[in-house]
Amino acid sequence: MRIRPAAMEDAPAIAVIHVAAWREAYRGLMSSEFLASLSVEKRTQQWTAALAQDSPILRLVIEHEGHVAGFCSSGPFRDEQLAGEEGVELYSINIDPNYWRHGLGKGLLEYVSDYYLQKKAKAIYLWVLKGNLRAMEFYKNLGFLPDGRSKVDCGHAGEPLHELLFVRRLSI
């Protein structure tokens with residue numbers, strides 16, 4: 001297992017993982033029509049554009065058996081509910097479903113935590129889709145706890161998505 005910064009040539013692999021992970025993780029939580037509409041081609045274009053930008057966002061991939069098997073991105077808060085907090089936001093973490101429960105997600109989160117601890121961040125925040133019990137259990141096992149805040153996101157799936165805020169305090 002090797003973690004490294006994502007590069008533009010990783011965009012196609014990231015896109016495939018992004019679509020596959022969402023279809024598996026959000027089955028029953030998002031409409032089947034929306035999940036079926038996810039496009040690897042469109043995600044490849046989006047990731048290519050994102051990876052071409054000079055940005056404060058930390059974008060990482062994790063390789064397993066010589067190929068990209070997952071990715072994550074994190075950085076400054078995007079949500080105004082987090083304004084005033086001392087920390088960073090984990091925007092996404094997706095692992096190829098064929099490698100779930102192989103320690104890759106844990107490896108990425110530990111890397112991200114160590115990275116931001118060195119940057120003197122006090123906490124990592126992330127939003128979890130309400131009802132995504134697998135993700136909630138995963139994050140709780142890695143020290144994330146519910147913060148008590150929630151929001152409704154209407155921009156991702158064309159339907160209201162209820163999200164819960166989780167936080168992991170970093171020891172400095």
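Just so it is clear, none of the values below were taken in a lab; they were calculated from the coordinates. Treat the numbers as computed from the prediction; the structure is a model and nothing was measured. Reconstructed Cβ throughout: ideal geometry from the backbone, glycine too, with neighbour counts over all protein chains shown.
Structure notes:
- Projecting the Cα atoms of V128, L35, G70 onto the charge dipole of the chain, computed from C-beta unit charges around the Cα centre, puts V128 farthest toward the positive end.
- Distant-in-sequence amide contacts of L170, defined by a placed amide H-H separation under 5 Å and a gap of 5 or more residues or a different chain, comprise A123, I124.
- Relative contact order, percent, the chain [alpha-carbon distance under 8 Å, six or more residues apart]: 20
- Region 111-172 - charge dipole about Cα centre, Lys and Arg +1 at Cβ, Asp and Glu -1, debye rounded to 20: 320
- Cβ-based charge dipole, region 1-158, positive-most Cα from P146, L117, I17: P146
- Inter-label distance, nm, simple model (7 Å from Cα along the C-beta direction), H67/V152: 4.2
- For the set K42/K120; K106/K130; K42/K140, the pairs lying more than 27 angstrom apart at their alpha carbons are K42/K120; K42/K140.
- Potential lengthening between R23 and S171 on full extension [0.36 nm per residue; Cα-Cα distance subtracted]: 49.8 nm
- Magnitude of the charge dipole for the chain, about its Cα centre and with charges confined to Cβ atoms of Lys, Arg (+1) and Asp, Glu (-1), is about 400 debye.
- Other-chain or far-sequence residues with amide H under 5 Å of G70's (modelled H): I62, D96
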